[in-house]
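J.: Quick one: structure below, then a few questions.
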Amino acid sequence: MLEVGRLKNATESRTHFAAWAVSSAPLILSFDLRVDSVMNEMWPIISNRDVLAVNQNTVTGWPGTRLSYTGAVNGNVGNSSQIWAKPLGNHSFAVLFMSTGPQNSTFSLPFSEISQSFAGVKGHGDDEATTDVRTTEVCVRDLYSKVDHGPVDSTVANLEAELLPHDSAFYCVRPATAEGGCADLFGCPGYDA
């Protein structure tokens with residue numbers, strides 16, 4: 001069950017909501033919507049149209065997959081984190097970084113690990129493998145803040161984030177236009193705040 005509104009704080013709820021969104025799970029709220037204090041705190045999370053669009057994306061029909069997991073081993077308490085990616089169509093991908101442990105997490109993900117098309121070569125398993133898209137410039141949209149970054153040279157830069165415990169960062173990565181711009185969102189959600 002989706003535990004948004006029932007966790008320790010809004011940070012954990014936002015991370016939980018994003019994890020369900022990237023995995024295309026049903027978004028069924030489990031808190032009492034009549035409790036104004038909880039509803040007011042959760043409303044910015046559950047009404048984020050960009051995150052909802054990732055969850056509801058039907059272009060590819062695929063849920064996200066875990067690209068990376070780092071965790072405490074053999075009962076040792078330590079840092080743990082996960083990276084998830086979901087194809088959105090038009091060579092765009094949602095990427096979720098989650099800090100799931102009690103310590104800060106640093107993420108640095110080469111764009112080529114999201115899609116080989118971001119490395120300038122056409123890779124297997126890309127969401128639209130019949131279309132020959134090769135690019136080294138990508139644009140990144142922060143799905144929480146709705147801020148676009150780029151274009152970024154994906155052969156020399158990585159997608160990076162520094163997160164507090166239990167926090168997350170949620171992005172949409174897409175190819176830059178032929179002119180090297182980021183105005184075209186391709187398959188990324190693009191609702192205003």
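Bear in mind that the values in this text are calculations on the coordinates, not laboratory data. Worth saying up front: this structure is predicted, and the values here are computed from it rather than measured. For neighbour counting, all protein chains shown are included, and Cβ atoms are generated from backbone atoms with ideal geometry for every residue, glycine included.
J.: For the range 1-118, what is Rg from Cα atoms divided by 2.2 N^0.38 Å, rounded to two decimals? List each step's numbers first, then the result.
T.: Working: Rg = 15.5 Å, N = 118, 2.2 N^0.38 = 13.5 Å.
For the range 1-118, the normalised Cα radius of gyration comes out at 1.15.
J.: At 7 Å along the Cα-to-beta-carbon direction for both residue 49 and residue 32, put a label point, then send me their distance in nm to one decimal.
T.: Rounded to a tenth, the inter-label distance reads 3.2 nm.
J.: If each of residue 185 and residue 149 carries a label point 7 Å out from its Cα toward its Cβ, how far apart are those two points in nm?
T.: 1.9 nm
J.: Compute, for the range 6-95, the length of the dipole vector about the Cα centre, with Cβ point charges of +1 (Lys, Arg) and -1 (Asp, Glu) only. Units Debye, rounded to 20. Working shown, then result.
T.: Numbers: 7 positive and 5 negative charges, 33 e Å.
Approximately 160 debye in magnitude.
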